[in-house]
Every structure is written in C-alpha cells, then in structure tokens.
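Participant: What follows is a single structure, and I will ask about it in a moment.
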There are 2 protein chains.
Amino acid sequence: MSINQILAPVQDELQQVEARLRQAVQVEYVPLANVFELLIGSGGKRIRPALSILATKFHPTKSEEMFTLAISTELVHAATLIHDDLIDKSSVRRGSPTINSRWSGTATVLAGDFLLARAADIAASIENFRVMRIFARTLMTICEGEIRQDFARAQWPPDRAEYYRHIESKTASLFVAATEGGAILSGAPENEIAALRAYGRNLGMAFQMVDDILDFTADESKLGKPVGSDLRQGTFTLPVFYYLEQDAHARALGDFASVDIERLIDAIRNSPAIAAAKAEAQRAAQTARDALAIFADNIYRRALFDLANYVIERTL
Amino acid sequence: MSINQILAPVQDELQQVEARLRQAVQVEYVPLANVFELLIGSGGKRIRPALSILATKFHPTKSEEMFTLAISTELVHAATLIHDDLIDKSSVRRGSPTINSRWSGTATVLAGDFLLARAADIAASIENFRVMRIFARTLMTICEGEIRQDFARAQWPPDRAEYYRHIESKTASLFVAATEGGAILSGAPENEIAALRAYGRNLGMAFQMVDDILDFTADESKLGKPVGSDLRQGTFTLPVFYYLEQDAHARALGDFASVDIERLIDAIRNSPAIAAAKAEAQRAAQTARDALAIFADNIYRRALFDLANYVIERTL
C-alpha cells in the first residue's frame, strides 16, 4: 500500500495541514521566509502530522487543537532536518540544496532554532498543560540528542545502548509527542493514552532503524548523499552493530580509523547484518501494532496498523 | 546604590534562584553539565530573575510559579549569551573561557539550544496559558533577532530602525517576559500588567543601549573583548548612528570598509555621540520609571525605580 492509500482516511485533514504549514513559516524576514518555504514546500511524508491526527480519532476532538499539534510536530521535524543536514554536511534534501550548503553553520543552526521556537509558539496555543509539557520535554530531549550525536562521533568501541538512546531522543520522542499528545487532546482514557504512547515510541524506533538501514542500502540518487554517510561521519548505526557482532574478522580490525571505508560500507551492505537489523526493526513495528489491540477495529486503527508496515517496507 | 542594595528586598528569593538555577542545569551528559555549571556558577547580575520576582510583589503570588518564571528567564538569557559569544567570537565571559572558544560552532549553538529547550521545559510547569504564550513568543522573537543580526552585518547604509528592532528582540523582549509574566502570575489587573510591560520594555531598551555604549567606553579588561567589538564585527549600534548624524566628515567616508578601524573607534569614543546615546538611554529609563506611577510607593516599586537608575549608571 502506498502512503497515500494508507492515509486516505485523514487526507482532508492533511490537506489542511499543508496550507497551515505554509502559513506557519511565513516570516517577515525574507531570506528566512525563502528557505522555510523551500523546505516546507518541497514536501515530505507528513508522518508526524498524520500520527497526531489519527491519534485523536478515537474520540471527538476539537479540530483546532488537533491541527495545532499536527503542525507543531512537523515544524519540530523540519527544524531537526536543518540541524541534521548541517551535522551530516548533506548538500541536498528533497531535491533542493540544503540550507547549510548555502548559509554559514551559525545561520543554519539559528534557522533551525527559529523553527523550533515557532513550533513552541504555535504549540503554546493548545490549552492543555499536559500536552504542552510533553511538547516542551520533547524539544529538550531532541536538543540533548543532537548534542550527544555531535560529541559521540567515532568513539570506540561503539556503544549500542547509546545508539538506542540516540534514536529514541532523535526520532521516537517526537512520534510519541504526536501520538500521546493526540490521545490526550481527544480526552482518551489513560489506558488508551498509554497504548498510543507505546505505539508511537515503537513506531519511531522502527522508523529510525529503517532509516539507518537505508543509509547503507538505498540508491545514492534517492539519498541525496553518499551511501554509508553515517559511518563516514563516524556515527555507528544498527547495521554496524550487527556486522561487528556477526563478524569476528571485523571486530579484529579494531576501530575503523585505518580501514578502507568504501570496502567496509560495501561489506556491511552485503552482509547478513542488514537482514538482522531489518528483523529488529520489524519486531519494533510489531510491538507498535500490538499496542493497538485495545482499540476496536475502524479506519483509523487500520491506518495506524498499516503505517507500521509501511515504515518497514518503504524504500525511502 | 549597588545592585545588591537595590535588590535587598528580594535577596532571599534571589538566593533561592541561585540554588534552583544550579539544579536546572544539572544534566546527565557530563560535557554539557560542565559548561553549564561554569556559565551559571560564574554569576551574573540576575536582573531578569529579579525583575520577574519584583513584578509579582504587588499582589500575593504562588512562590513556586514566581521562581519558575525567574529561572526560565535567566536560562533563556544564558542561552543567548552562549549564542552571542559565538556570533561575536568572544573568548572570555565572566572571567571564564567561553564555550565557543572550546567547542565547535555547531556544538556551541546546540548547547545554547539545549538551555532554551530546558527553559521552555521548566516554563511549561507554570499553569498559566497567557504566561506560557508570552514565553514561547519571546523565544521566537529572540531567535529571529539572532538570525537578523547574523545576516544584517555590515549593510550600508546602516538602518537605525533595524537597530531598535534588534535590541527590542534581543534584550527588551525578555525583560518584558519577566515583568509582564510576573504581573500576570500575581493576578494583577490589566492596567498594572500594561504598566509592568511598558516598564520592562523601556528598561530593556535602555539596558541594551548602555551595553552598546559600554562596548565603546568600558575597560577592555572588564569587557573581556576588544573595545568597539560590535563595530569590528560590522554591527552598527547607537553611538555609531549619533556619530554619523553629528559628523558630516564621517558620513562622507561612505561605508567603513576602507577606514582605519582603530582610529574610527577612538573617534567615536571621544565624540559627543557617546553623550547623545547615553541621553537617549536615560530617556528610555525615565519612560520605564514613569510607567511605575500607578503603583503605590513600597519597597518593591522603589527597587524597580532604582534599577532603572542602575542600568544607566553601571560601568558593566
């Protein structure tokens, strides 16, 4: 199933999200307005808005608050893309030149900050303290994750627990803000809030694991950066841990400083580590699906269920 | 009067602020914890917490919310210091090496971001939507101001309206968050909220104007950076506008690209522009004091009044 088919039950809302996102990044200052329009206008799957909206659908919800949450989560996501591209030195994103390829490092980070602040500003119109607290905590978690990533590069031996912490703070935390936040806004009972929280967390973990696998296996033309760029930057992701685990020879290499990086990336891509990493992502997606068991079957539950398949099967 | 004498009526609260600030910047991640401890531990005048606290004192206020506002504003201030030092390439702050002198630009901005996010997280425990909205809006204003500053450097002719916009977003907005926020938390009537808002805005404008004057007139040993460093960075501040206005010869120089910067800084420092700039700061401080007229005389009003003298008279 395509992402559009999966999200058909909320396609009207997602169209409104597009219009509202464009409005949210209209700023007076022209250079800033231009880069935001490019970033927001060039698309993206809008998974976080979709999750925010779907999570509200099990109970009647004020649509204004639902949209506010949806837009806030996407703006935070856009901000982290800006920062990630800088940290990863990526030059292309969604077919357009990245901000960091045109602006100084400082200006790039400040542009990301501005979007974070805009997201916080928009979120502040949600009159729900619990959602606002989750949202603020998420911002902090993401910032701390970015700093850890910037510092943790190329530490040897790589720390698998640190990898999970990292993808949790970088990706899963915002998925949780979307699903738990949506559930709270809908006035769902606590067991449903917990279920949608668990769904969001595990879906987010699966999503990032697949992203990290695709960094090894996808087409460079689709990636917009060289294959294996995480490893080139000294960031160790799930496939690397499986590769080290499965291959005594690889472990014997010691740190990767002295190896031929092209050959190493090639070796990992063609090793059983890829399948093992994908199996782990599938288990996380299954845990996400299992969390939906308490909901009666309907089109929204089915969309959430199918999204968990989609994040595993997607090719980017 | 010394700042300690002025703030004597809230000295117990300010001592608690110190303890709470140290607690607020305790983070698990050691490198980050170290730089925050250094930044927060090395002092500062705590003017924003003092304003937050004083602004609550005209009506009975829950002390927990008062402290939360006080700490949030100081954390935002600390975050902007981190970003400012990077943008200005300063190497010393409060007698300690700056973060940017030890970390990469990206890591430095992310450390500032983390403090902003922490501030937002702490502010989110204030159960008052209006204060939270002011706080979120302030974060956005500050971020936009930082971006404008980073881009507006060395544009010729310099734009005086842009200067006022800049110091409003950079400094006055956070003073307003402190005073207006405090007034709202205290349950003050709207006319008092408006008065404390006007006080905070004008005090903040005066404060930044004096900062910009001191950049020309203070001791380099106190500044921790060369005299005239704003101008060296291509940032035009109030003394420069008066200098250009008063000196036809200076205007005839065209942009400053070809002039001897040391001689120019010296010329500005010894020109009537300094006194003219200070007179403007004094007028702003007077407007701040005038806004206090609606309050009955008490020790808190007197402290706010004296603070408006202090920001003009201070030597750093």
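The values are calculated or read from the model by the stated rules, or taken from the named source; none is laboratory data. Source: prediction; values computed, not measured. Every residue, glycine among them, receives a Cβ derived from its backbone with ideal geometry; neighbour counts consider all protein chains shown.
Participant: Being touching a residue at least 24 places away in the same chain (Cβ under 8 Å), part of a loop (DSSP other than H, G, I, E, B) and under 14 Å from A:ALA24 (Cα atoms) is the filter here; which residues of region A:90-126 pass it?
Facilitator: Listed by number, the list holds a single entry, A:SER125.
Participant: Another question, if that's okay. Output the residue which, of all residues in region B:124-145 that are facing another protein chain (nearest Cβ under 7 Å) and within 19 Å of the chain's Cα centre (by Cα), is surrounded by the fewest Cβ atoms within 10 Å (Cβ to Cβ).
Facilitator: Only one residue tops the list, namely B:ARG137.
Participant: Looking at (1) without any contact (Cβ under 8 Å) to a residue 60 or more places away in the chain; (2) farther than 25 Å from B:LEU86 by Cβ, find the lone condition where A:THR61 falls short.
Facilitator: (1)
Participant: Could you tell me whether region B:59-68 includes any residue that is in contact with a Leu (Cβ under 7 Å, 6 or more places away or on another chain), more than 16 Å from A:CYS143 (Cβ to Cβ) and of a type outside the set (Val, Ile, Thr)?
Facilitator: yes
Participant: Can you tell me which residue among A:GLY187, A:GLY204, A:GLY224, A:GLY182 is touching a strand residue (DSSP E or B) at 6+ places or on another chain (Cβ under 7 Å) and small (Gly, Ala, Ser)?
Facilitator: Matching residue, one of A:GLY187, A:GLY204, A:GLY224, A:GLY182: A:GLY224.
Participant: Of everything in region B:197-235 that's free of Cβ contacts under 8 Å to residues at least 60 places away in the same chain and touching a Lys or Arg at 6+ places or on another chain (Cβ under 8 Å), which residue is farthest from B:ILE265 (Cα to Cα)?
Facilitator: Checking each candidate, the answer is B:GLN208.
Participant: Can you tell me which residues in region B:278-298 are more than 30 Å from B:ILE268 (Cβ to Cβ) and among the aliphatic types (A, V, I, L, M)?
Facilitator: B:ALA291, B:LEU292, B:ALA293, B:ILE294, B:ALA296
Participant: Hey, another quick one. Any residue at all in region B:55-65 that is within 21 Å of B:ASP212 (Cα to Cα), crowded, with 17+ Cβ neighbours inside 10 Å and in contact with a Ser or Thr (Cβ under 7 Å, 6 or more places away or on another chain)?
Facilitator: no
Participant: Let me ask something else about it. Among the residues of region A:67-89, write down those that are of a type in the set (D, E, K, R) and part of a helix (DSSP H, G or I).
Facilitator: Of everything in region A:67-89, those that are of a type in the set (D, E, K, R) and part of a helix (DSSP H, G or I) turn out to be A:GLU74, A:ASP84, A:ASP85, A:ASP88.
Participant: So, one more: Do we have any residue at all in region B:102-120 that's under 21 Å from B:THR235 (Cβ atoms), crowded, with 24+ Cβ neighbours inside 10 Å, of a type outside the set (Phe, Trp, Tyr) and within 7 Å of chain A (Cβ to nearest Cβ)?
Facilitator: Yes, the conditions are met somewhere in region B:102-120.
Participant: Moving on to the next point. Looking at region A:1-44, which of its residues are out of contact with any Gly (no Cβ under 8 Å at 6 or more places or on another chain) and outside any helix (DSSP H, G or I)?
Facilitator: A:MET1, A:SER2, A:LEU7, A:VAL25, A:GLN26, A:VAL27, A:GLU28, A:TYR29, A:GLY43, A:GLY44
Participant: Could you list, in sequence order, the residues of region A:257-316 that are under 26 Å from A:LEU196 (Cβ atoms) and among the hydroxyl-bearing types (Ser, Thr, Tyr)?
Facilitator: A:THR287, A:TYR300, A:TYR310
Participant: Please go through region B:33-46 and give me each residue that is closer than 18 Å to B:VAL92 by Cα and either in contact (Cβ under 8 Å) with a residue 24 or more places away in the chain or within 11 Å of chain A (Cβ to nearest Cβ) (or both), ordered by number.
Facilitator: Across region B:33-46, the qualifying residues are B:VAL35, B:PHE36, B:LEU38, B:LEU39, B:ILE40, B:SER42, B:GLY43, B:GLY44, B:LYS45.
Participant: Those residues that are under 16 Å from B:PRO157 (Cβ atoms) and crowded, with 17+ Cβ neighbours inside 10 Å, I need them from region B:240-272; list them, please.
Facilitator: B:VAL240, B:PHE241, B:TYR242, B:TYR243, B:LEU244, B:ALA250, B:PHE256, B:LEU264 - these are the residues of region B:240-272 that are under 16 Å from B:PRO157 (Cβ atoms) and crowded, with 17+ Cβ neighbours inside 10 Å.
Participant: Scan region B:175-187 and give yes if some residue there is more than 10 Å from chain A (Cβ to nearest Cβ), assigned to a helix (DSSP H, G or I), closer than 27 Å to B:GLY224 by Cα and of a type in the set (Ser, Thr, Tyr), otherwise no.
Facilitator: No, because not a single residue in region B:175-187 is more than 10 Å from chain A (Cβ to nearest Cβ), assigned to a helix (DSSP H, G or I), closer than 27 Å to B:GLY224 by Cα and of a type in the set (Ser, Thr, Tyr).
Participant: Being more than 10 Å from chain A (Cβ to nearest Cβ) and not charged (D, E, K, R) is the filter here, so list the residues in region B:146-165 that pass it.
Facilitator: B:ALA154, B:GLN155, B:TRP156, B:PRO157, B:PRO158, B:ALA161, B:TYR163, B:TYR164, listed by residue number.
Participant: Moving on. Out of B:HIS83, B:HIS77, which single residue is at the interface with another protein chain (Cβ under 10 Å from one of its Cβ atoms), touching a residue at least 60 places away in the same chain (Cβ under 8 Å) and within 23 Å of B:HIS166 (Cβ to Cβ)?
Facilitator: B:HIS83
Participant: Another one. Please work out which one of (1) on the phi > 0 side of the Ramachandran plot; (2) within 14 Å of chain A (Cβ to nearest Cβ); (3) at pLDDT 85 or above is the condition B:LYS89 fails and give its number.
Facilitator: (3)
Participant: Of the numbered conditions (1) surrounded by fewer than 24 Cβ atoms within 10 Å (Cβ to Cβ); (2) assigned to a helix (DSSP H, G or I); (3) within 9 Å of chain A (Cβ to nearest Cβ), B:GLU168 satisfies every one except a single condition; which is it?
Facilitator: (3)
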